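Asks: Supplied in structure tokens, the structure appears directly below.
The values are calculated or read from the model by the stated rules, or taken from the named source; none is laboratory data. Model, not experiment: these values are computed from the prediction. Here the Cβ is made from the backbone with ideal geometry for all residues, glycine too, and neighbour counts use every protein chain on show.
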Amino acid sequence: MALPKRVLIREVGPRDGLQNESTWLDTSEKQRWIELLTAARLPYIEVTSFVHPKWVPALKDAKELAQSLHKKGDITYAALIPNEKGLAHFFEANLDTGAMFISSSETHNKKNMNQSIQETLPVIKQMTADLKAAGKHTRAYISTVFGCPYEHQVPMDQVLRLTEMLLSYGIDEISLGDTIGEAHPLQVERRLDILLERFPADKIALHFHDTKGMGLANIYTALKAGITIFDASSGGLGGCPYAPGSSGNVATEDVVHMLQKLGIDTNINFPALIKAAEWIETKVDRTLPSHCLRAFHSHTTS
């Protein structure tokens, strides 16, 4: 199958990237990073999560940050919403997209959400209705689609059931997560063969981690299957706090570089993207896993 001509990147660094960081970033620093990502013309930026500070201390300033953003009209600003209280904060901040979360693994869902899958679904259904009534775009994450740290392989029937239910609620886009970086190209191909027989490709995004170096290979496989929406994190920052061993998300600049080499348009400013990754690397004070960032440093110091 021919590769797509255009791909949409969902930047999740300020939320998914920072949620597991021990280094605290001030609200003004997060705001500056989001401004740099905005300057790179990323079409979607997930800025924070309205989760209780007890569970994700790195994002305890979510409300303050979301209300202080200097938003640009053609950029979608999103946040993760775990419950109705988080939804109220989302509406106060007047962001564009509300993202919700569920796991395809019962054990992972209980550890992450402190409730069962069946308890989570009605909450998502009601929040989706509230968001749609307010004219907001909706997104849902299904995690552990390609492997779970507790249950190992999640049955494909469970992934299909949750995808169908979430779409029936009116969710605009579903992001399928490789939470622990276990996915490989053959698995991606087989799972997408089944999924895309039942659901349109433009409703599906993929969220890969690069734990074992398979991120770009998995994205290339998904491109060939017709997927055109991918999550990525500036610098490769991130990891799930409820998935032991999970390392960073696939780096945004690595994904964009590959897409450019494949002749696929993203409308993203690559030099500005590198600048954003370079900036956040200095703030977390450690070397990030982005290959393009390493190459940039090597070039500038040689």
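Asks: Are any of the residues in region 164-185 polar (S, T, N, Q), out of contact with any Pro (no Cβ under 7 Å at 6 or more places or on another chain) and in contact (Cβ under 8 Å) with a residue 40 or more places away in the chain?
Replies: Yes, there is a match, as at least one residue in region 164-185 is polar (S, T, N, Q), out of contact with any Pro (no Cβ under 7 Å at 6 or more places or on another chain) and in contact (Cβ under 8 Å) with a residue 40 or more places away in the chain.
Asks: Hey, ASP74 hits all of (1) surrounded by fewer than 14 Cβ atoms within 10 Å (Cβ to Cβ); (2) in contact with a helix residue (DSSP H, G or I) (Cβ under 7 Å, 6 or more places away or on another chain) but one; which does it fall short on?
Replies: Status for ASP74: all satisfied but (2).
Asks: Let me ask something else about it. Given the residues THR138, THR107, which is the only one that is among the hydroxyl-bearing types (Ser, Thr, Tyr) and crowded, with 17+ Cβ neighbours inside 10 Å?
Replies: THR138
Asks: Any idea which residue in region 250-302 is surrounded by the fewest Cβ atoms within 10 Å (Cβ to Cβ), counting only those that are of a type in the set (Gly, Ala, Ser) and out of contact with any Pro (no Cβ under 9 Å at 6 or more places or on another chain)?
Replies: SER302
Asks: Taking into account only those residues within region 232-249 that are in a loop (DSSP other than H, G, I, E, B) and within 16 Å of TYR141 (Cα to Cα), which is modelled with the highest pLDDT?
Replies: Result: GLY238.
Asks: I've got another one for you. Scan region 83-113 for residues that are over 18 Å from ALA140 (Cβ atoms) and among the polar types (S, T, N, Q) and jot them down.
Replies: ASN94, THR107, listed by residue number.
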